[in-house]
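Take a look at the structure below.
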Amino acid sequence: MSDKPETTTHFGFETVPEGEKAGRVQGVFSSVASKYDIMNDVMSVGIHRVWKDAMMDWLAPRPGQRLLDVAGGTGDISFRFLKRAGHGHSTVLDITESMLIEGRKRAEAERMSESLDWVVGDAMALPFDANTFDVYTISFGIRNVTRPQEALNEAYRVLKPGGRLMVLEFSQLPNPMMQAAYDAYSFNIIPRMGQLIAGDRDSYQYLVESIRNFPDQDTFLGMLRTAGFGNAKYRNLSLGIAAMHSGWKL
């Protein structure tokens, strides 16, 4: 019997064994899947759509590109990518099958069915060969991964040389007073919205807590560089409530 202590990680503000986090995250998103898109609109007053469009502006999809959309859930990023590219292919990967089921129900999914694959899988152990994709995106998902650095390492592996990584995630405001005001809104209002709209306060409490545990913009930028990405940089959105990080497999 090993005396080595079990490695732990964060699940919101709770410390849990690493082996438990993925199952708990699946439980959260299975619970909220049917209301996930509605809650995104309500929580952000629709601003998440502006952020995702800004992500596409910076990414500038090109015809014929192959996208891997990790934690792609209901397909928001993939649909935007394919519309911008004109034609191409997107593989939507998520650890929670019920999120993918909701994505396949959307009208865009039906119109783009020949250009889409839906795969249940783990960001830390992608079921794809190296040098397969032109673009890798993960939108509001990497903070839920047990070991984000491993997910970034996997992103680097599956991208083709010259491929691009783009991460959209909640981040930290640089002004302490503004951050305090945002925290007050997040912790007091969003879980109540979750209870009212999705019938699930605890899942949205976790999501708010997970944002506070995620590394700040510069720390996360260093993680991209550790994974091997070159020309890595970030742009703040809405003063830093969210941020986009970009890197290239050079």
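Evaluate the following for M99: is it at pLDDT 95 or above and under 15 Å from the mean Cα position of the chain (by Cα)?
The answer is no for M99.
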Exercise. What about F133, is it under 17 Å from N213 (Cβ atoms), touching a helix residue (DSSP H, G or I) at 6+ places or on another chain (Cβ under 8 Å) and either free of Cβ contacts under 8 Å to residues at least 12 places away in the same chain or aromatic (F, W, Y) (or both)?
Worked result: no
For this session: Output yes when any residue across the range 238-246 is in contact with a helix residue (DSSP H, G or I) (Cβ under 6 Å, 6 or more places away or on another chain) and free of Cβ contacts under 8 Å to residues at least 40 places away in the same chain, and no when none is.
Result: no
For this session: Please list, ordered by first then second residue, the pairs with beta carbon atoms under 6 Å, 6 or more apart or interchain, first in the range 92-105 and under 13 Å from V70 (Cβ atoms) and in contact (Cβ under 8 Å) with a residue 60 or more places away in the chain, second of a type in the set (D, E) and part of a strand (DSSP E or B).
Result: I95/D122
For this session: Among the candidates R164, R111, single out the residue that is charged (D, E, K, R), under 26 Å from P61 (Cβ atoms) and buried (at least 20 other Cβ atoms within 10 Å of the Cβ).
Result: R164
For this session: Pull up the range 215-246, narrow it to residues that are within 23 Å of S186 (Cβ to Cβ) and among the small types (G, A, S), then point me to the one that is surrounded by the fewest Cβ atoms within 10 Å (Cβ to Cβ).
Result: S238
Problem set entry | Every residue from the range 154-190 that is of a type in the set (G, A, S) and under 17 Å from F214 (Cβ atoms) | A155, S171, S186
Problem set entry | Selection count where residues are among the β-branched types (V, I, T) and surrounded by 20 or more Cβ atoms within 10 Å (Cβ to Cβ), scope the range 36-87 | 3
Seminar exercise, completed: Within the range 122-140, of all residues that are assigned to a loop (DSSP other than H, G, I, E, B) and crowded, with 17+ Cβ neighbours inside 10 Å, the one modelled with the lowest pLDDT is F140
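Residue by residue, here is whether (1) under 18 Å from I47 (Cα atoms); (2) modelled with pLDDT of 95 or more; (3) touching a helix residue (DSSP H, G or I) at 6+ places or on another chain (Cβ under 9 Å) holds:
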| position | (1), (2), (3) |
| --- | --- |
| L173 | yes, no, yes |
| L207 | yes, no, yes |
| R225 | no, yes, no |
| N236 | yes, yes, yes |
Problem set entry | Residue list for the range 26-63, filter: closer than 14 Å to I101 by Cβ and either assigned to a loop (DSSP other than H, G, I, E, B) or among the basic types (K, R) (or both) | K35
For this session: Being touching a Ser or Thr at 6+ places or on another chain (Cβ under 6 Å) and small (G, A, S) narrows it down to one of G88, G103, so name that one.
Result: G103
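The values are calculated or read from the model by the stated rules, or taken from the named source; none is laboratory data. Everything numeric in this text was worked out from a predicted model, so none of it was measured. Every residue, glycine among them, receives a Cβ derived from its backbone with ideal geometry; neighbour counts consider all protein chains shown.
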